[in-house]
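Encoded as structure tokens, the structure appears first; notes follow it.
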Amino acid sequence: MKLVDTHCHIYGEKYKNDIEEVLAEAKKELEFIVNIGYDLESSKISVDIANKYDFVYATVGFHPTDISKMNEESLKQIYEIAKKNNKVLAIGEIGLDYYWMKDEVEKQKIAFLKQLELAEEINKPVVIHTREAMKDTIDILKSKKNITGIIHCYPGSYETAKSVIDRFYFGINGVVTFKNNKKTQEVVKKIPLERLVIETDAPYLTPTPFRGKRNKPTYVKYVAEKIAELKNISIDEVIKVTTNNAKKIYRIED
Ligand SMILES: [Zn+2]
């Protein structure tokens with residue numbers, strides 16, 4: 001069994017010269033990868049790539065910093081794409097971001113809720129982005145009891161994780177390898193492996209020892225190694241359990 005990259009953005013400027021190479025390497029080393037959309041255009045591109053490569057899947061949705069592009073028409077298109085394409089695994093990334101968008105809290109909440117309702121309607125999990133907005137994010141998720149999914153780049157505490165751990169998985173990426181990030185390291189020690197999934201968020205958040213360079217899906221191995229070290233278990237155990245977790249939450253059959 002191999003690792004999975006449950007959250008990456010392999011499209012656009014950063015990969016314009018070597019996307020084929022990056023994907024070929026990922027195909028060789030990983031079980032599958034999930035390209036994440038953040039608006040209508042990136043969602044369409046993600047689906048196109050997923051339709052071209054059997055080991056690539058996609059998600060579609062409006063990231064909280066891109067909700068200005070969300071309207072009745074564009075949301076309807078997201079709905080249609082998600083409904084008719086079986087390579088679309090989830091609605092995402094959606095959520096709340098009070099770090100970049102402090103002024104539009106109410107608008108963000110409405111956009112988040114609308115997209116959660118869309119996920120309910122087509123019966124798919126969600127991929128959540130939350131930054132400096134944990135309390136509101138959790139309150140909204142608690143109000144939607146049928147929703148399952150991944151809280152990507154999980155920035156919260158163990159206590160907060162526990163409050164939705166029956167329905168959610170927690171995405172861990174390169175930030176856990178950063179020397180000064182004791183908070184994420186402590187959280188990873190406490191959350192059961194059965195609730196963790198591994199991601200890169202490539203091209204961003206490149207793990208040590210490549211911090212500062214462009215990220216790519218095969219770097220999930222550095223995240224897996226760090227999780228094994230923190231939990232004092234074998235890398236094989238990390239691969240087996242987190243890959244199973246990814247298949248479960250994204251509903252991929254063997
Ligand atoms: Zn992302």
Could you tell me which residue of region 1-29 is farthest from the ligand (Cβ to nearest atom), considering only residues that are in contact (Cβ under 8 Å) with a residue 60 or more places away in the chain and either open to solvent by 30 Å² or more (accessible area, probe 1.4 Å) or of a type in the set (Phe, Trp, Tyr) (or both)? Met1
Can you name the residue in region 137-157 that is among the hydroxyl-bearing types (Ser, Thr, Tyr) and buried (at least 24 other Cβ atoms within 10 Å of the Cβ) and, of all such residues, is farthest from the ligand (Cβ to nearest atom)? Thr137
Restricting the search to region 26-35, which residues are in contact with a helix residue (DSSP H, G or I) (Cβ under 6 Å, 6 or more places away or on another chain), assigned to a helix (DSSP H, G or I) and farther than 16 Å from Lys52 by Cβ? Glu29
Suppose the filter is more than 16 Å from the ligand (Cβ to nearest atom), in contact with a Gly (Cβ under 6 Å, 6 or more places away or on another chain) and not aromatic (Phe, Trp, Tyr); does Met134 pass it? yes
Kindly evaluate Thr208 against the criterion of being polar (S, T, N, Q) and either part of a helix (DSSP H, G or I) or closer than 15 Å to Cys153 by Cα (or both). no
If I ask for residues that are farther than 20 Å from Glu159 by Cβ and open to solvent by 10 Å² or more (accessible area, probe 1.4 Å), which ones from region 181-205 would you list? Asp201, Pro203, Tyr204, Leu205
Restricting region 30-48 to residues that are closer than 17 Å to Asp201 by Cα and surrounded by fewer than 21 Cβ atoms within 10 Å (Cβ to Cβ), the one nearest to the ligand (Cβ to nearest atom) turns out to be Asp39
Residue count, region 216-244 (criterion: within 16 Å of the ligand (Cβ to nearest atom), in a loop (DSSP other than H, G, I, E, B) and either more than 16 Å from the chain's Cα centre (by Cα) or under 9 Å from Gly174 (Cα atoms) (or both)): 0
Flagged in region 88-111 as open to solvent by 10 Å² or more (accessible area, probe 1.4 Å), more than 16 Å from Met134 (Cβ to Cβ) and within 16 Å of the ligand (Cβ to nearest atom), in numbering order, are Leu89
From the residues in region 112-135 that are in contact with a Phe, Trp or Tyr (Cβ under 6 Å, 6 or more places away or on another chain) and surrounded by 19 or more Cβ atoms within 10 Å (Cβ to Cβ), which one is nearest to Asn173 (Cα to Cα)? Ala133
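The values are calculated or read from the model by the stated rules, or taken from the named source; none is laboratory data. All values reported here derive from a predicted model rather than from experimental measurement. Note that each Cβ is placed from the backbone with ideal geometry, even for glycine, and that neighbours are counted across all protein chains shown. What goes into the accessible areas is simple: the full protein's heavy atoms, side chains included, and nothing from ligands, DNA or RNA. Shrake-Rupley method; radii C 1.70, N 1.55, O 1.52, S 1.80 Å.
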